[in-house]
1. From the list Ile158, Ile142, Ile131, pick out the single residue that is surrounded by 15 or more Cβ atoms within 10 Å (Cβ to Cβ), touching a Phe, Trp or Tyr at 6+ places or on another chain (Cβ under 6 Å) and under 27 Å from Ile9 (Cα atoms).
2. What is the residue count in segment 165-176 for residues that are open to solvent by 10 Å² or more (accessible area, probe 1.4 Å) and touching an Asp or Glu at 6+ places or on another chain (Cβ under 9 Å)?
3. Tell me which residues, restricted to segment 39-73, are open to solvent by less than 50 Å² (accessible area, probe 1.4 Å) and among the aliphatic types (A, V, I, L, M).
4. Restricting attention to segment 267-289, which residues are out of contact with any strand residue (DSSP E or B) (no Cβ under 6 Å at 6 or more places or on another chain), within 28 Å of Leu163 (Cβ to Cβ) and not β-branched (Val, Ile, Thr)?
5. In segment 242-265, what residues are under 30 Å from Ala278 (Cα atoms) and surrounded by 19 or more Cβ atoms within 10 Å (Cβ to Cβ)?
6. Can you pull out every residue in segment 35-58 that is part of a helix (DSSP H, G or I) and among the charged types (D, E, K, R)?
7. Within segment 59-142, considering only helices (runs of 4 or more DSSP H) that don't extend past its boundaries, which have at least 1 residues that are within 25 Å of Ala284 (Cα to Cα) and under 14 Å from the mean Cα position of the chain (by Cα)?
8. Taking the residues in segment 1-34 that are farther than 24 Å from Trp134 by Cβ and in a helix (DSSP H, G or I) as candidates, determine which candidate is most open to solvent (accessible area, probe 1.4 Å).
Amino acid sequence: MDTFSYRVILTIVQYKSFQKAAELHNVTPPAVSHLVKQLEQEFGFSLFVRSRHGVSLTTTGESVLGLIQGIVQKEDQLKQVIGSLNSLDKGHVRLGIFNSMCKYLPELIQSFNKKYPHITFEMFQGAYEDIIEWLKTGVADIGFLSKTVNPGFPFYEIFSDPLMCILRKGTKTPSETEIPLESLVNTPFVMQRESCDADARRIMEQLHLDVRTVCHVVDDKTTVEMVKAGFGFAIMPLLTMYGFEQEVKMLRIVPPEKRIIGVSVRDENDLSPAVRKAFDYIKAYDFSV
């Protein structure tokens, strides 16, 4: 089975660009355009619409996307099963990760590759909602998520990450080590978008805290900068604060709160040998080191 054309289609969908697909598959842009035109003639309908915002699937294109993804995945699985039967631990694994997991990835992958040197990795970095979508559509084989946002995938806890309250340096507090969140009612609050800040939102709802959200931001660095400038306080997982500890006042929340980090796949019964090895390795890995 020759799935090259299908792989190019999936790359166009992912990056919304014919040019990027040409670069990643080592062909010319005209070759990509010709390939798409051939498939459209074969299928009998258009796959893409071009606009000033890039390239997007047509309605009919969206209808066949899942089948195209399935064909590519099955071919990958076939190759990996053949390699496994020939006693060759080969394959490719695509990981969906959020920003702060990058702290663990280099050592995790290096450790895994000492045991399986012929299994390669590809990383896709985004917010929780991106990772969930990548798992659903097959862009990622394995995703790292917070238990708070897991939509029902098989989920295995791998570590817990304490949630911290961060304030502007010099802010007066009764304690220099901990703070009850109830004491911050009516204090301006810096909130990340929902897909990034799910655990902070969960705490606010559980405690029925009435805070005034004054900033809606999209990443950890911006959150820290807004807190430093005095726009309000924020709730941040400890893992996201490495490198920022000296820039703000960071206090433990009482009673203690944490986010549960785990690893997920779309269907645990439909994993290629390489993905299965990586999934099992990640579940058993000691993230406390």
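The values are calculated or read from the model by the stated rules, or taken from the named source; none is laboratory data. Note that the structure is predicted; figures quoted are calculated from it, not measured. Don't worry about glycine lacking a Cβ; one is built from the backbone with ideal geometry, like all the others, and counts go over all protein chains shown. Note: areas computed on protein heavy atoms with side chains; ligands, DNA, RNA excluded. Shrake-Rupley method; radii C 1.70, N 1.55, O 1.52, S 1.80 Å.
1. Numbers: Ile158 fails: under 27 Å from Ile9 (Cα atoms); Ile131 fails: touching a Phe, Trp or Tyr at 6+ places or on another chain (Cβ under 6 Å).
Just one listed residue meets the conditions, Ile142.
2. Adding up the residues that qualify gives 1.
3. Hits for segment 39-73 are Leu39, Leu47, Val55, Leu57, Val64, Leu65, Ile68, Val72.
4. Scanning segment 267-289 gives Tyr281, Ala284, Tyr285, Asp286, Ser288.
5. Glu257, Arg259, Ile261, Gly262, Val263, Ser264, Val265, listed by residue number.
6. Of all residues in segment 35-58, those part of a helix (DSSP H, G or I) come to 35-43.
Result: Lys37, Glu40, Glu42.
7. 105-115, 128-137
8. It comes out as His34.
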